[in-house]
Amino acid sequence: MILTSRPYLAVMAMMLLCSGCATYQPARTDNICSIFRGETDWYESARDANESWGTPVWVMMAIIDQESRFVSDAQPERDWFLFIPLPRRSSAYGYAQAQDPAWEDYVNETDNGGHDRDDFADAINFVGWYTHTTQRILGISKWDAYNQYLAYHEGRSGYQSGSWKNKGWLKQVANKVRNKSAAYNAQLKKCKPELDDMVDSWF
């Protein structure tokens, strides 16, 4: 009996080990409560980032939604010449679509060398850090999803130079982020106590 149970135990152990291997992909991205109920670790990470940097959870989540739709390994589209793949348009990668220079600044300033752009906890912490630094340098409120997104997309120097002012399409996108942030805020007010209980429970 012991011999025959060993393969079963081994399979069960492997299943438990790999249960965290699959990357969570929200079925709905229009409802922040649905997103966090599907993976409470995400809520805990978002709450931690808020406590570290002061940026509202709904602002950080709206930015990530716009950048990647919560796809862990999102990258810019690649152009093709005939059947030859050309270089990607930028180095943006992961949930937050952080580009190499910005990610390197984040790692150096926060001493988070082990962080990865395709890890949700690390990505939302990056967004918190970036928006916090934007407020410190440019004076843009962390609650101002519209201008925070413009500075996020264009870079702080681009925002300062007004590179976004003649980009009607980008202003529309920033409006979408502001509206999504407002919707997330209203939704989170209704489910926050429940989510806090789920995260803080001993069981």
Inset, instruction - Report whether or not residue 96 is within 16 Å of residue 42 (Cβ to Cβ), under 17 Å from the mean Cα position of the chain (by Cα) and either among the small types (Gly, Ala, Ser) or part of a helix (DSSP H, G or I) (or both). - result: yes
Legend entry - Odd one out for residue 150, checked against (1) touching a residue at least 24 places away in the same chain (Cβ under 8 Å); (2) closer than 25 Å to residue 42 by Cβ; (3) in a helix (DSSP H, G or I): (2)
Legend entry - region 144-203, subset touching a Leu at 6+ places or on another chain (Cβ under 7 Å) and aromatic (Phe, Trp, Tyr), residue farthest from residue 126 (Cα to Cα): 164
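How many residues does region 97-118 contain that are of a type in the set (Gly, Ala, Ser) and either exposed (fewer than 15 other Cβ atoms within 10 Å of the Cβ) or in contact with a Cys (Cβ under 6 Å, 6 or more places away or on another chain) (or both)? First the steps, then the outcome.
Here is the first cut: in region 97-118, the ones of a type in the set (Gly, Ala, Ser) are 98, 102, 113-114.
Those left that are additionally either exposed (fewer than 15 other Cβ atoms within 10 Å of the Cβ) or in contact with a Cys (Cβ under 6 Å, 6 or more places away or on another chain) (or both): 113-114.
Residues that pass the stated criteria total 2.
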Inset, instruction - Kindly indicate the residue of region 52-87 that is within 17 Å of residue 153 (Cα to Cα) and modelled with pLDDT under 95 and also surrounded by the fewest Cβ atoms within 10 Å (Cβ to Cβ) among those meeting that condition. - result: 77
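Could you go through region 138-147 and let me know if any residue there is in contact with an Asp or Glu (Cβ under 9 Å, 6 or more places away or on another chain), part of a helix (DSSP H, G or I) and crowded, with 16+ Cβ neighbours inside 10 Å.
Filtering region 138-147 for residues in contact with an Asp or Glu (Cβ under 9 Å, 6 or more places away or on another chain) gives none.
For region 138-147, residues in contact with an Asp or Glu (Cβ under 9 Å, 6 or more places away or on another chain), part of a helix (DSSP H, G or I) and crowded, with 16+ Cβ neighbours inside 10 Å: absent.
The values are calculated or read from the model by the stated rules, or taken from the named source; none is laboratory data. Predicted model only: the values in this text are computed from it and were never measured. Virtual Cβ from ideal backbone geometry, glycine too; neighbours counted across all protein chains shown.
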